[in-house]
Structure formats: structure tokens, C-alpha cells
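The numbers here are math on the coordinates, done by the rules we state, and not lab data. The model shown is predicted, which means the values in this text are computed figures rather than measured ones. Note that each Cβ is placed from the backbone with ideal geometry, even for glycine, and that neighbours are counted across all protein chains shown.
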Amino acid sequence: DAQKGKALAGYAAMRNIGWNEIMAVGDSENDYSMLSMDIKYTVAMGNAMESIKRIARCQTRSNIQDGVAYAIENLVLTREARAY
């Protein structure tokens, strides 16, 4: 039962975080359970394995190109700013 998806779901439930408020980012097979969840943003790093790129809804830059920051800026912060 040691899976990132189960851990993320448990943490979200414990903190009352809705599925539409979660972003999961990953690059390898150990991220599969988390990226296959029905959450708002599932993001594969640019350097991710092909199987991870196929399962994620979005793709960002590689880890050496600040891919996580880029995903947050473009998927979360930009969309929130447009909502105002």
C-alpha cells in the first residue's frame, strides 16, 4: 500500500482538500498512482518517462528548466488571476 496516490488521497482527506485543488507532478513509474488520480492537475515533467507523459493531463518543462515552478505559474497562478 505504499503508493503516492494513496498517500496523496489520505493527506487530502485529512486536510479537507478537494480534488479540484490538487496538483500532482511526477516523472517516473513511482508517480503513476498519483498521476492517474482524478484530480485537477496531473503534470508530467519534460524529462519524464513516456508512460508517465501518456497518463498525465499536462506536461511541463524538465527538472533542470524549473518545470514545477513553470507548471504552478502557468496552470495555477495564471488561471487564478484570470478568475478575478
Name, by its number, the condition in (1) touching a residue at least 24 places away in the same chain (Cβ under 8 Å); (2) out of contact with any helix residue (DSSP H, G or I) (no Cβ under 9 Å at 6 or more places or on another chain) that does not hold for N20.
(1)
Take the residues of region 21-40 that are in contact with a Gly (Cβ under 7 Å, 6 or more places away or on another chain) and part of a helix (DSSP H, G or I): which is surrounded by the fewest Cβ atoms within 10 Å (Cβ to Cβ)?
S33
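Looking at A56, A48, A12, A7, which is the one that is surrounded by 13 or more Cβ atoms within 10 Å (Cβ to Cβ), of a type in the set (A, V, I, L, M, F, W, C) and under 9 Å from the mean Cα position of the chain (by Cα)? Don't jump to the end; show me each part of the working.
Values: A48 fails: under 9 Å from the mean Cα position of the chain (by Cα); A12 fails: under 9 Å from the mean Cα position of the chain (by Cα); A7 fails: under 9 Å from the mean Cα position of the chain (by Cα).
Exactly one of A56, A48, A12, A7 is surrounded by 13 or more Cβ atoms within 10 Å (Cβ to Cβ), of a type in the set (A, V, I, L, M, F, W, C) and under 9 Å from the mean Cα position of the chain (by Cα), namely A56.
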